[in-house]
Amino acid sequence: MDVLFYSINVRDLLSSHDLDESSPLSAPDLRLLIDRLQFQSLQIKSKVQAYLLSHHADFSDLFSRCSESASRCEQISDSVSNLLALISDHPIDAEIRVSVSEIEKTMKELKAKRELLDLVKVIVELSERLKSVQEDLKNGRLISAAEAVRDLKKAVGTVAEEREPVVYGLLRKEWAECFEEIQGMLVKFMENAVRFEREPNKVRVKLRLSVDGTHGIELRTILEAMDVVGILDYGLAKVADLMIKHVIAPAVNCGSPISFTEELIQDSDQMTEMILKTVSCDPKLEKDDAEIIYSRIIMIIKFFYKSICFQNGSWMRCFGRLTWPRIAEIIIYNFLSKVVPDDASKLADFQKIIKCTSEFEIVLKEMMFISASDNKDERLSNFAENVEVHFASRKKTEILAKARNFLLQCDFAVPQEYTRTSPKLKYGGENSSDHVVDLLFLSERCVVSEAASQLMALVHRTLQDVCLSSVKVALEFYHATRDAILLYEAVIPVKLERQLNGINQVAVLIHNDCLYLSQEILGLAFEYRSEFPSAIREHAVFLDMAPRFHLMAEQVLQRQIQLVIFNLKEVQPP
């Protein structure tokens, strides 16, 4: 069969000597060629026939398969034709679509029912757990009830959401009732556990409790339950208030020499109560200094650390957050602020109190009553270390109080010896009284009020202290002098408003006071500034106040001139 797959070259059938490629074939050549082609064709036919005969079985099988395939194609064609005819006569595709849609609807309903069933199961479970909380409370299983309330809070939530089942609102309400019930029970247990008895003065802590038929509950269990529910702050709040009122405040009060003792009560080798007694001391033997006051408070806090907080760091920290800000405020108000030195020379003696205060707060940190990392809890140390500021603030208040008293108590009356009829002034006699002063930048003297002379004397004494003080104290004293001078401008025009509306000697004194103050203010910087601490030397300014008093003096003078002119016009005959 290979001969069939190759082409026959006609020129190969001719002899090579008879072939002339440049000339066309002759008639004999063509006849020869035809003969040879016929011979070649016969050979090919014989070969093909021999091949077919030798492979007769294979070809028979091939043709039978082809026949079967053709018949199957006809059958498939007939089946498709019948199906198409059936579909065209009966619209089955519509029925299929309907069936499919019904199946989808049924599946959605089934899914919704399953979800609803799951929801019902959850609701039933939550309801049963809520009922179990009440059972646990009745049977004294407070920890279990507290854990259930905590977990149920996450399950039911605390805020209603949109399109939620109505039953969730009912469950949330039931949970709130359970929460209030357990909260009320725990708080009642705490009220019974810690008692503050006035007569005799003692704090009684019961370690085993019985309330409303529930017996043998340990105080530690109460604290654990409150911690689990998240109401530890609420449960300890009343205890903290009563502790500060009945124990801490008397301990810090410098007028009450007292001390404290502890007492333990046991029953059948078990500790049932712890008592902290307040014992009065002999005032001659008990001194209210920093060490004694701090030791009292440490003893009180240690008692609560052992009896209520059971040396639990997180509980103690919670108790500290409730009490420490107020305890620190009481100590500062009743003790530290009162021992701030009145004299700058005594500031060095205050270092002992600073040391005791720092050691006191270190002990509180060890008990975790205050934070070891938050500097804001070092309230007492911060106050004590800023004693210079407190000293200066107190002195500033005293300076301003004195200046105010000078201005309010002065009657602004000109003494008789300084009137125009006085011989000393009339004939130029010498006068060394404080009422007659020299004007620094004018070659004149004038009579001023006692308030003005006392005010400037106070200012000079204060500025002398500025030169000898530390930066913090000097800065407070500098502001005190400015405020004291400005008090004249604020107080006198209001106090003597009625006198300034008429012609009298009060207006003359006020004019002279303002002129005198403006001159003195101009000289303050020259007199003291070079001696000020270097840190405030560039910031201490007085010059800005001088024009205000000069303008005030000019306004008083012009007002008096206008009043005189008006009165003269009134008495002038028409």
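Sequence-distant or interchain residues sharing an amide H contact under 5 Å with S449, placed H: which?
For S449, the qualifying residues are D513.
Please report how far the C-alpha centroid of the range 377-404 lies from that of the range 191-206, rounded to the nearest whole angstrom.
Cα centroid to Cα centroid, the span is 39 Å.
When ligands, DNA and RNA are left out and all protein chains stay put, how many square angstrom of accessible area per residue does the chain have with a 1.4 Å probe?
Solvent-accessible surface per residue comes out at 61 Å².
Divide by every residue of the chain the summed helix terms, -39500 (n - 2.57) for each DSSP H run of at least 4, and state the resulting mean residue ellipticity at 222 nm, rounded to the nearest 500 deg cm²/dmol.
Working: 20 runs with 371 residues, N = 574.
After summing the helix terms and dividing by residue count, I get -22000 deg cm²/dmol.
Any idea which of L364, M456, V340 is furthest toward the positive side of the dipole for the chain, if Lys and Arg beta-carbons carry +1 and Asp and Glu beta-carbons -1?
Toward the positive end, the furthest listed residue is M456.
Using θ = phi - 60° and the Karplus relation 6.51 cos²θ - 1.76 cosθ + 1.60, list the HN-Hα couplings for the range 486-500 in order, rounded to whole Hz, with x at every Gly or Pro.
5, 4, 4, 5, 7, 8, 5, x, 7, 5, 10, 4, 5, 5, 5
What translational D, rounded to a whole number of µm²/s, comes out for the range 333-417 from Stokes-Einstein when the hydrodynamic radius is the Kirkwood one over Cα pairs, at 20 °C and 1.002 mPa s?
137 µm²/s
Want the number for S373 to I292: 0.36 nm per residue separation, take away the alpha-carbon distance, what's left?
Gain in length upon complete extension: 26.5 nm.
Using alpha carbon centroids, what distance separates the range 29-81 and the range 442-481, in Å?
139 Å
Rg and Dmax of the range 109-148 over Cα atoms: what are they, in angstrom?
So, for the range 109-148, Rg and Dmax equal 14.4, 46 Å respectively.
So how far apart, in nm, are the two label points at S470 and L116 if each is 7 Å from Cα heading toward Cβ?
8.0 nm
At 0.36 nm per residue, minus the direct Cα-Cα distance, what do E527 and K277 gain on full extension? Give it in nm, one decimal, please.
Details: separation 250, 0.36 × 250 = 90.00 nm, distance 6.20 nm.
So the extension gain works out to 83.8 nm.
Determine the share of the chain's accessible area contributed by carbon and sulfur atoms, expressed in whole percent, with a 1.4 angstrom probe.
That share works out to 54 percent.
I'm a student and want to see the number: the projected area of the Cα convex hull of the range 535-574, averaged over all directions, in nm².
Convex hull of Cα atoms, orientation-averaged projection: 2.6 nm².
Tell me, rounded to the nearest percent, the portion of alpha carbon pairs in the range 199-269 spaced more than 15 Å apart.
In whole percent, the share of Cα-Cα pairs in the range 199-269 beyond 15 Å is 70.
How would you order 384-394, 540-550 from highest to lowest mean count of nearby Cβ atoms within 10 Å?
Ranking, from highest mean packing down: 384-394, 540-550.
Which net charge results for the neighbourhood of A328, defined as the other residues with beta-carbon distances under 9 angstrom from its beta-carbon, given Lys and Arg at +1 and Asp and Glu at -1? Each step should come with its number before you reach the end.
Working: positive: R326, R379; negative: E329, D377.
Residues close to A328 contribute a combined charge of 0.
Dividing the convex hull volume of the Cα atoms of the range 468-574 by its residue count, what figure in Å³ per residue is obtained?
93 Å³
Considering only the other residues whose Cβ falls under 12 Å of the Cβ of M299, what net charge follows from Lys and Arg at +1 and Asp and Glu at -1?
Neighbour charge sum, excluding M299 itself: +3.
Could you work out the Kirkwood radius for the range 190-237, taking every pair of different alpha carbons, averaging 1/r and inverting it, reported in Å?
11.7 Å
Through the Karplus equation 6.51 cos²θ - 1.76 cosθ + 1.60, θ set to phi - 60°, convert the phi angles of the range 332-339 into ³J(HN,Hα) values in whole Hz; use x for Gly and Pro.
For the range 332-339, the Karplus curve yields 5, 6, 8, 10, 4, 5, 7, 9 Hz.
Residue by residue through the range 510-526, which ³J(HN,Hα) values in whole Hz follow from phi under the Karplus form 6.51 cos²θ - 1.76 cosθ + 1.60 (θ = phi - 60°), with glycine and proline marked x?
5, 4, 5, 4, 5, 5, 5, 5, 5, 5, 5, 4, 4, x, 4, 4, 5
Take the residue pairs K113/K173; K131/K306; K206/K352; K138/K173; K113/K153; K365/K396 and return only those whose Cα atoms are more than 29 Å apart.
Violating the 29 Å Cα-Cα cut-off are K131/K306; K206/K352; K365/K396.
Which far-off residues, 5 or more places away or on another chain, put their amide H under 5 Å from the one on E273, with H placed in the peptide plane?
L207, I265
What pairs from K108/K154; K402/K495; K346/K376 go past 24 Å between their alpha carbons?
Going by Cα-Cα distance, K108/K154; K346/K376 fall outside the 24 Å limit.
The values are calculated or read from the model by the stated rules, or taken from the named source; none is laboratory data. Worth saying up front: this structure is predicted, and the values here are computed from it rather than measured. Glycine also receives a Cβ, built like all others from the backbone with ideal geometry; neighbour counts cover every protein chain displayed. Calculation scope for accessible area: heavy atoms of the full protein, side chains included, ligands and nucleic acids excluded. Shrake-Rupley method; radii C 1.70, N 1.55, O 1.52, S 1.80 Å.
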